[in-house]
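Chemist: Below is a structure I'd like to ask you about.
The values are calculated or read from the model by the stated rules, or taken from the named source; none is laboratory data. Fair warning: this is a prediction, and the values are worked out from it, not measured in the lab. Reconstructed Cβ throughout: ideal geometry from the backbone, glycine too, with neighbour counts over all protein chains shown.
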Amino acid sequence: MIEDCYLVPTFFIDCDALSIKEKTTNLTSQYESVREKAVSIFYYVRDDIRYNVYAPRPSNAEFKASHVLKTKEGYCVQKAILLVALARAAGIPARLRFAEIRNHLTSPELLAKRGSNVFPYHGLTELYIKGHWIKATPTYDIIYCKKAGIAPVDFDGEMDAMLPAYTLDGRPNVEYILDKGFFEDLPIDEIRRSSVSWKYLKA
């Protein structure tokens with residue numbers, strides 16, 4: 001089946017790591033349906049893994065799902081990798097998806113370092129549930145959302161879950177510019193070539 005390639009471990013999506021398998025069992029053992037398991041995994045990654053745009057990532061190792069699980073923090077790509085790995089460990093076909101976005105709430109500090117509020121490789125995920133690929137975006141944890149004044153992304157395992165276009169008080173939040181498609185594993189070299197954020201992280 002075509003979905004089988006989205007169940008196997010890779011260097012970054014190390015769903016065969018013991019810590020990933022144990023966490024998956026903990027999150028899903030009480031549920032029967034794929035949808036319920038996917039929802040449980042999503043909310044764990046969304047809220048228990050703290051969103052940190054400055055999460056260290058000087059080498060490939062910091063992008064591995066098992067590393068993100070251990071440190072319990074990450075930016076959008078790292079959190080998406082962990083969600084995919086946990087889903088695969090639960091037997092749910094999962095893959096990474098990327099989009100170029102404009103984040104209107106980019107902090108002045110980050111904007112000064114990057115020189116732009118456009119992020120070329122925003123990471124999210126797709127989960128295969130009941131014969132359909134469904135987008136799930138676990139980027140912002142609930143505490144971050146409260147501080148930023150944005151609605152948290154909710155996921156029911158049936159509808160796409162994307163970052164909101166506006167804040168709760170009506171200000172522009174995230175604008176999706178370009179869909180860059182889906183990937184079995186992390187296209188790390190392309191991200192490093194394309195993302196201006198990599199320049200200041202390596203400085």
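Chemist: Do we find that Pro187 is in contact with a strand residue (DSSP E or B) (Cβ under 9 Å, 6 or more places away or on another chain), surrounded by 20 or more Cβ atoms within 10 Å (Cβ to Cβ) and either of a type in the set (Asp, Glu) or within 28 Å of Pro58 (Cα to Cα) (or both) in this structure?
Modeler: In short, no.
Chemist: Still on this structure, please answer the following. Listed residues Ser19, Ser29, Ser66; which is surrounded by fewer than 17 Cβ atoms within 10 Å (Cβ to Cβ) and in contact with a Ser or Thr (Cβ under 6 Å, 6 or more places away or on another chain)?
Modeler: Details: Ser29 fails: in contact with a Ser or Thr (Cβ under 6 Å, 6 or more places away or on another chain); Ser66 fails: surrounded by fewer than 17 Cβ atoms within 10 Å (Cβ to Cβ).
After applying the criteria, what remains is Ser19.
Chemist: A further question follows. Inside region 98-127, can you point out the residues that are within 20 Å of Lys37 (Cβ to Cβ) and not β-branched (Val, Ile, Thr)?
Modeler: Those that are within 20 Å of Lys37 (Cβ to Cβ) and not β-branched (Val, Ile, Thr): Leu124, Glu126, Leu127.
Chemist: If you go through region 7-41 one residue at a time, how many are assigned to a helix (DSSP H, G or I), closer than 18 Å to Phe63 by Cβ and in contact with an Asp or Glu (Cβ under 9 Å, 6 or more places away or on another chain)?
Modeler: Selection size over region 7-41: 1.
For (1) of a type outside the set (Phe, Trp, Tyr); (2) closer than 18 Å to Ile129 by Cβ; (3) in contact with a Lys or Arg (Cβ under 8 Å, 6 or more places away or on another chain), each residue gets a yes or a no:
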{"position": "Val39", "(1), (2), (3)": "yes, yes, no"}
{"position": "Glu62", "(1), (2), (3)": "yes, no, no"}
{"position": "Leu83", "(1), (2), (3)": "yes, yes, no"}
{"position": "Ala99", "(1), (2), (3)": "yes, no, yes"}
{"position": "Leu105", "(1), (2), (3)": "yes, no, yes"}
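Chemist: Of the numbered conditions (1) of a type in the set (Phe, Trp, Tyr); (2) closer than 20 Å to Leu127 by Cβ; (3) not in a helix (DSSP H, G or I), Tyr44 satisfies every one except a single condition; which is it?
Modeler: (3)
Chemist: Kindly state which helices (runs of 4 or more DSSP H) lie completely within region 123-203 and contain at least 1 residues that are modelled with pLDDT of 95 or more and farther than 24 Å from Tyr6 by Cβ.
Modeler: By residue number, 142-148.
Chemist: Then there's this: When you go through (1) within 15 Å of Ile101 (Cα to Cα); (2) of a type in the set (A, V, I, L, M, F, W, C); (3) surrounded by fewer than 16 Cβ atoms within 10 Å (Cβ to Cβ) one by one for Ile142, which number turns out not to apply?
Modeler: With respect to (1) within 15 Å of Ile101 (Cα to Cα); (2) of a type in the set (A, V, I, L, M, F, W, C); (3) surrounded by fewer than 16 Cβ atoms within 10 Å (Cβ to Cβ), Ile142 is out only on (1).
Chemist: Identify the residue in region 47-75 that is among the polar types (S, T, N, Q) and not in a helix (DSSP H, G or I) and, among all such residues, is farthest from the chain's Cα centre (by Cα).
Modeler: Looking at the filtered set, the residue picked out is Ser59.
Chemist: I've got another one for you. When region 95-113 is examined, which residues are found to be within 20 Å of Gly181 (Cβ to Cβ) and either part of a loop (DSSP other than H, G, I, E, B) or β-branched (Val, Ile, Thr) (or both)? Show your work before the answer.
Modeler: The initial filter retains those residues of region 95-113 that are within 20 Å of Gly181 (Cβ to Cβ), namely 95-102.
Correct list: Ile101 only.
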